[in-house]
Amino acid sequence: MQHVKSLAMKLCVVFMMIVMSACTLVKVHEQGTVYLSKGVAMSLSSVAETLQGKHLVQLLQFEVDGQVNELIVQLEFKQREMSMVAMTATGLPVFEQTFRDDGHHELHSYIELPKVKPEYVIADIQLVHWPIRLLQQNIRGAYITEAREGNKLKRAVIVDGQPIIEINKSLEKTTFINFERNYKIEISSLDY
């Protein structure tokens with residue numbers, strides 16, 4: 001029995017070493033511009049005043065190519081930076097990233113994220129949470145609309161009369177659909 005406990009402890013230590021050695025630090029471009037579509041640019045901006053000092057904990061269910069995954073995400077908004085920590089629903093760390101208003105991004109990835117570009121994650125967060133007036137100032141080559149329907153809020157990034165991104169917010173959840181890159185995210189608050 002002692003041998004089994006010792007083996008289990010060794011395997012646990014080896015697993016943790018593998019996880020820690022897989023951790024990488026990536027510095028992303030300094031310019032702070034994301035291309036939402038061909039000819040559509042979004043300048044990433046400072047944290048909106050209405051969000052400064054706030055913390056959000058959210059469950060993200062994202063669907064890409066028919067596959068659904070879940071992440072628990074914690075967002076922290078400071079005056080000059082936004083921090084994000086993501087983990088699996090079972091608590092395994094996935095990545096941490098920080099975006100400062102000088103355009104500097106840092107990403108610490110604990111597992112390989114081949115399709116995730118940190119600047120696009122930040123752009124999606126800003127499209128969901130930033131006030132519409134800031135977004136309108138920061139998007140070129142498209143326009144963003146916002147309409148209230150009862151207790152729901154609908155936003156859309158429009159190019160040539162067609163939405164490339166659609167965001168539907170209600171008290172229960174937010175649905176983010178990117179038609180250009182073919183993915184969907186459902187966001188539910190875990191804040192109590």
For this session: Identify all residues within region 125-180 that are more than 17 Å from Leu44 (Cα to Cα), under 18 Å from the mean Cα position of the chain (by Cα) and part of a loop (DSSP other than H, G, I, E, B); write none if there are none.
Result: Lys173, Phe179, Glu180
Exercise. Looking at (1) modelled with pLDDT under 90; (2) closer than 20 Å to His55 by Cβ; (3) within 12 Å of the chain's Cα centre (by Cα), which is the only condition Ser83 fails?
Worked result: (1)
Exercise. If you go through region 114-124 one residue at a time, do you hit one that is touching a strand residue (DSSP E or B) at 6+ places or on another chain (Cβ under 8 Å), within 25 Å of Val40 (Cβ to Cβ), among the hydroxyl-bearing types (Ser, Thr, Tyr) and assigned to a strand (DSSP E or B)?
Worked result: no
For this session: Please enumerate the residues belonging to region 128-149 that are surrounded by 15 or more Cβ atoms within 10 Å (Cβ to Cβ) and closer than 17 Å to Thr175 by Cα.
Result: Val128, His129, Trp130, Ile144, Glu146
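The values are calculated or read from the model by the stated rules, or taken from the named source; none is laboratory data. Not measured: the values here are computed from a predicted model. Glycine also receives a Cβ, built like all others from the backbone with ideal geometry; neighbour counts cover every protein chain displayed.
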